[in-house]
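Enquirer: Pasting a structure below so you can have a look.
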Amino acid sequence: MGHLKNIKKSIIAPNLNDGIHKAEDWWKDRQNHVIPIRLVQSSSTISTVENSGQLILTVLRAEDLYESRLSILTSCTNFVERPYVILECNYQRFRTSQSDSTSTNRNPQWTSANGPFHFNIRNSNNDRLTIWVQQHDPLHGVAHNEPKMLGTCDINVRQLIDQQQIWLPLRKYNRPVGQILVQVSFIPTEKND
């Protein structure tokens, strides 16, 4: 910063004024300026029919979920409920039941009411799947009037199509907070030729 003190006002002012005058002249004559706009045609519209179908998901388990100190203390009671998962794609939303009572809140597992969930996919290149892992916590509910978010994942459906099982990273406040294992199958729509 010390070297900025040596700059004189008379050196800056003429260059600044020249720039201002050029901008004013350009603005006055703006109707004569032609600014080319490139239109980019998306190739995804061509492959819409090829990538439509039905995505079938089953939630298996999650690992390394964040547990607050309070939930660790109350894990042996029914005070804090077990985690559950919400999946959404193309305005279709499904919810699992709470995780099994034999699993922990940090590493929950689902064996009943965990799917399969069927999503209609219009275009796998554009459609997105959003997953939320949540938990009903009475103390959190009093303060925020909503379930406690343990983690979320947003992924393009195209990344799921060729998978059988996939670990998806969960994030909260833009930080990693664990991962969730999902079983995947995709049934493409048959073309009518």
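Enquirer: What does the extension gain come out to for Ile155 and Ile187, with contour length at 0.36 nm per residue minus their alpha carbon separation? If you can, show how the numbers build up before the last one.
Expert: Numbers: separation 32, 0.36 × 32 = 11.52 nm, distance 1.84 nm.
So the chain would gain 9.7 nm between Ile155 and Ile187.
Enquirer: Go ahead and run the numbers for FRET between Thr130 and Ser101, Cβ-Cβ distance against an R0 of 35 Å, rounding to 0.05.
Expert: Details: r = 27 Å, r/R0 = 0.77.
Computed FRET efficiency for Thr130 and Ser101: 0.85.
Enquirer: Taking the highest mean first, how do the peptides 114-126, 155-167 order by number of other beta carbon atoms within 10 angstrom per residue?
Expert: On the way: 114-126: 17.7, 155-167: 14.7.
Top of the packing list down: 114-126, 155-167.
Enquirer: Sorted by mean Cβ packing within 10 Å, highest first, what order do the peptides 54-66, 95-107 take?
Expert: Values: 54-66: 19.2, 95-107: 15.7.
The densest-packed peptide leads the list: 54-66, 95-107.
Where a number appears in this text, it was derived from the coordinates with a stated rule and is not lab data. Please read all numbers here as calculations on a predicted model, not as lab measurements. Every residue, glycine among them, receives a Cβ derived from its backbone with ideal geometry; neighbour counts consider all protein chains shown.
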